[in-house]
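Here's the structure we're looking at; comments come further down.
The values are calculated or read from the model by the stated rules, or taken from the named source; none is laboratory data. Bear in mind that the values here come from a model prediction, so they are computed numbers and not experimental data. No Cβ is skipped: glycine too gets one built from the backbone with ideal geometry, and neighbour counts run over all protein chains shown. The area values use the complete protein model at the heavy-atom level, side chains included, leaving out ligands, DNA and RNA. Shrake-Rupley method; radii C 1.70, N 1.55, O 1.52, S 1.80 Å.
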Amino acid sequence: CLSLDPNVDTYQLIQAMYYVQPYLTEELGRMRAKGAGLLAKKEASQEDKMLITGLITRANERTLQMNNSFSKAVLENPGLEKKLGATMKMASDLANSAMQTAHEKIVKAETLEYSSVEYVALSTKAIDAQFALNKETLQELDNILGQRISEFYQSRWWMLGAMLALILLAALFAKAIISSVSMP
């Protein structure tokens, strides 16, 4: 039901947070798990490096999709930049940092000497940033949709009042016509 939102700003936010971001978080989690295991073993086969490269590529695509949807939402509703922009930038930057670290310290490294503990900490920070962004966005969506519902109810009451006024006016007009025809 939310995916059919006719408003561009909330539609794009929903796309970013409920369709793209969960996949990004999943790819970051898989990248964290596989990378930590390889760094702990201090070795990675070519197949392992290709797997990490695939995870990085998919996470990068999801990050770009998420940022693209957010940019579209901001174009329609510039207030979102002030409310969510810093958190979105931080989440994207941390995801990019985790991907870059995986690329440099695992995929491109001849020997795996990077600390698996530091790698897990960096990856976990990127994943936690995604959850924080999702939480903030959910709150903002709740505010926007709540405001729209309130405006809808207010509009509905105005329409009902206008309809009653028109019915009353029509009744008065009908009475005047009836009086003008039946009086003579």
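Hey, of (i) 54, 17, 14; (ii) 26, 19, 14; (iii) 60, 13, 11, which did the structure itself give for semi-axes √(5λ) of the Cα gyration tensor in Å when calculated? Answer label, from the structure shown: (iii). Trypsin sites (Lys or Arg not before Pro) within region 12-71: which are DSSP loop residues with at most 13 other Cβ atoms inside 10 Å? Within region 12-71, the qualifying trypsin sites (Lys or Arg not before Pro) (loop, at most 13 other Cβ atoms within 10 Å) are Lys42. When you filter the GluC sites (Glu not before Pro) in region 104-184 for DSSP loop state and at most 12 other Cβ atoms inside 10 Å of their Cβ, you are left with Glu110, Glu113. Computed over the chain, the per-residue total of -39500 (n - 2.57) for DSSP H runs of n ≥ 4 gives a 222 nm mean residue ellipticity of -29500 deg cm²/dmol, rounded to 500.
For region 13-96, GluC sites (Glu not before Pro) meeting the loop criterion (DSSP other than H, G, I, E, B) and having at most 16 other Cβ atoms within 10 Å: Glu43.
Within the same chain, lysines fewer than 8 places from Lys41 are excluded, and of the rest, those with a Cα less than 21 Å from its Cα are Lys49, Lys105, Lys108.
Surface calculation, 1.4 Å probe, protein heavy atoms: Phe131 sits at approximately 130 Å² accessible. Run the accessible area of the chain with a 1.4 Å probe and give the carbon-and-sulfur part as a rounded percent. The nonpolar share, carbon plus sulfur, comes to 62 percent.
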